[in-house]
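Rule-based calculations on the coordinates, nothing more; no lab input. On a predicted model such as this, the values are computed, not experimentally measured, just so you know. For neighbour counting, all protein chains shown are included, and Cβ atoms are generated from backbone atoms with ideal geometry for every residue, glycine included.
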Amino acid sequence: MMDKEYIYTVVKEDFRTGERAKRTRKYYTFKPLAVGGLYTHLGKGYPGCQRVLSVEERLVPAYN
C-alpha cells in the first residue's frame, strides 16, 4: 500500500502588510493544503504565517 506525501514550497509572510521573506522552504506532510493559502502554526521550525507557493506529490510506502 502506498501513501501520498505532499511537498510544499512555503515562504514566511507578514499577514498585516503582505510582505514576504526572500527564502523559500520545503514543508513535508501527508495532509493536503491549498496552494496560495496562508497558514499559521504549521509546526516547529515554521513560526508565524506561511504562504504556500507550490506543491509536489510523491507516493511513499505505508507502514501500517
| remark: So, first residue touching a residue at least 24 places away in the same chain (Cβ under 8 Å) and closer than 11 Å to Tyr6 by Cα in the range 28-57, second residue in a loop (DSSP other than H, G, I, E, B) and of a type in the set (Val, Ile, Thr), Cβ within less than 8 Å, six or more apart or across chains; the pairs are Ser54/Val35; Val55/Val35
| request: Among the strands (runs of 3 or more DSSP E) lying completely within the chain, list those that include at least 3 residues that are surrounded by 14 or more Cβ atoms within 10 Å (Cβ to Cβ) and in contact with a Ser or Thr (Cβ under 6 Å, 6 or more places away or on another chain). | output: 2-13
| message | One residue is enough: does the range 8-31 have a residue meeting the conditions in contact with a Phe, Trp or Tyr (Cβ under 8 Å, 6 or more places away or on another chain) and either acidic (Asp, Glu) or farther than 14 Å from Val52 by Cβ (or both)? | response | yes
| said: Can you tell me which condition Thr17 does not meet? The list is (1) over 9 Å from the mean Cα position of the chain (by Cα); (2) polar (S, T, N, Q); (3) within 15 Å of Glu5 (Cα to Cα), and all the others hold. | reply: (3)
